[in-house]
Amino acid sequence: MKTVLFPVLGAVAVFAAGVTPSTAGDRYADRPPVMVSPDLSAPWVLQLGQAPGIVRQNRQVVQQQRRLRPAQPDRVQTAAVQPPAKRMVARPQINPIYLPQEVDYDGGQKPGTIVIDTTQNFLFLVEKNGKARRYGVGTGKPGFEWSGTHKITNKREWPDWRPPAQMIKREAAKGRYLPTYLAGGTENPLGARALYLGTTEYRIHGTNQPWTIGGAVSSGCIRMRNEDVVDLYERVNVGTTVEVI
């Protein structure tokens with residue numbers, strides 16, 4: 001009975017392992033791969049966090065990537081989001097001749113008088129002993145030139161701007177629509193200070209376009225750099241005579 005039972009069990013073991021009788025006696029023969037039914041393997045693979053068909057990276061490759069990765073700080077800090085840089089627009093530099101300076105002056109006006117030369121685009125504040133403080137200015141463009149003598153009737157810091165109706169109409173014809181009112185500030189074309197001339201609509205005022213100083217650029221007003229009009233504002237009072245020549 002024993003001699004019959006053992007051969008039978010051996011044959012069953014060989015066929016259960018997927019080995020054919022022809023290769024059963026060859027211990028060095030290549031064995032066929034062990035196939036496991038997906039119905040049995042899938043649940044176990046899913047528990048490992050990988051869906052069937054997805055290949056994990058080799059452990060050696062993962063370790064190499066970690067060594068190549070830069071060291072991270074113990075605490076992860078979120079970098080501050082920087083706003084996009086504003087596009088810089090190149091502007092011509094002001095000619096140094098239009099910067100404030102003390103000059104000799106022999107115009108004959110008494111000290112304290114403001115004289116504006118619209119030909120050379122200079123404003124002179126007459127001083128004692130044949131001297132004057134000279135500033136560069138922007139003056140009326142062709143068709144907007146004027147001359148005359150007035151008094152400063154008002155002074156304003158960061159003045160509001162109310163364009164004259166005629167200016168609004170004129171600019172609208174060019175397709176440029178002006179506001180009827182603009183509060184004082186850095187975007188206001190009157191700049192940091194304004195000195196009002198008589199009962200006219202003309203002013204000596206600052207500008208947010210300093211590169212225009214030295215040219216015929218305005219609708220009749222006298223433009224100065226904001227730094228310069230602030231300086232002049234502190235040196236003169238209401239009632240000061242202004243000669244535009």
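When you scan the stretch 140-157, do you find a residue that is part of a loop (DSSP other than H, G, I, E, B) and either buried (at least 16 other Cβ atoms within 10 Å of the Cβ) or touching a helix residue (DSSP H, G or I) at 6+ places or on another chain (Cβ under 8 Å) (or both), even just one? The answer is no; no qualifying residue exists.
Could you go through the stretch 196-215 and let me know if any residue there is in a helix (DSSP H, G or I), over 27 Å from the mean Cα position of the chain (by Cα) and of a type in the set (D, E, K, R).
No, the stretch 196-215 contains no residue that is in a helix (DSSP H, G or I), over 27 Å from the mean Cα position of the chain (by Cα) and of a type in the set (D, E, K, R).
Contact map, the stretch 159-173: first residue surrounded by 11 or more Cβ atoms within 10 Å (Cβ to Cβ), second residue among the charged types (D, E, K, R) and at pLDDT 90 or above, Cβ cut-off under 6 Å, separation 6 or more or different chains; pairs are P164/E201. Among the residues of the stretch 182-194, at least one is of a type in the set (D, E, K, R) and either at pLDDT 95 or above or over 28 Å from I97 (Cα atoms) (or both).
Within the stretch 195-233, the residues that satisfy the criterion of being closer than 19 Å to P100 by Cβ and among the small types (G, A, S) are G206, G214, G215. Can you go through L195, L178, L182 and tell me which one is under 20 Å from V242 (Cα atoms) and hydrophobic (A, V, I, L, M, F, W, C)? Among L195, L178, L182, only L195 is under 20 Å from V242 (Cα atoms) and hydrophobic (A, V, I, L, M, F, W, C).
The values are calculated or read from the model by the stated rules, or taken from the named source; none is laboratory data. A quick note: this is a predicted structure, and the numbers were derived from the prediction, not measured. Cβ atoms come from the backbone with ideal geometry, glycine included; neighbour counts cover every protein chain shown.
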